[in-house]
């Protein structure tokens, strides 16, 4: 999917003269790598925009929302709303063989979080920010 020059990813591509790449050829761990940062940025932005606070308090709040177990829970809340393509991206990320693990998470939570991050990375790199934000919002607001 070709990005619009008016989109964030389109602006990055234009500014740094990056070539078009078919995102579907990226490894799920590469998608998770960027997806982790994008999800973290969305959460940090949300927390900061809610009001000025000491950095330590901001960090604790963000950390509680971006840890693997929280991402796993969020994923399970949005899972019924995912398209087949989105679910496929998640499963590729979840099933990817990673050589690292989270310090404070079970293997199951870590793998689920990796799948969720891969989905976030895919949506970001394919210029689907509205959908990415919709899923995050849905997951944060939906009660089980």
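Quick note: the coordinates plus some simple rules give every number you see, no bench work behind them. Since the model is a prediction, treat every value here as computed from it, not as a measurement.
Tabulated data
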quantity	calculated
Computed lengthening from residue 63 to residue 30, 0.36 nm per intervening residue step minus Cα-Cα distance	9.7 nm
Relative contact order computed over the chain (Cα-Cα under 8 Å; 6+ residues apart), in percent	37 percent
Full-extension gain in nm, residue 138 to residue 55, via 0.36 nm per residue minus C-alpha separation	27.2 nm
Inter-part distance where segment 87-101 and segment 49-86 are each reduced to a Cα centre, Å	18 Å
Calculated Rg/Rh (Cα atoms, Kirkwood Rh) (choose from [x] 1.11; [y] 0.97; [z] 0.95), label	[y]
Max mean-square fluctuation residue, GNM over the chain, Cα-Cα springs under 10 Å, options 96, 113, 53	53
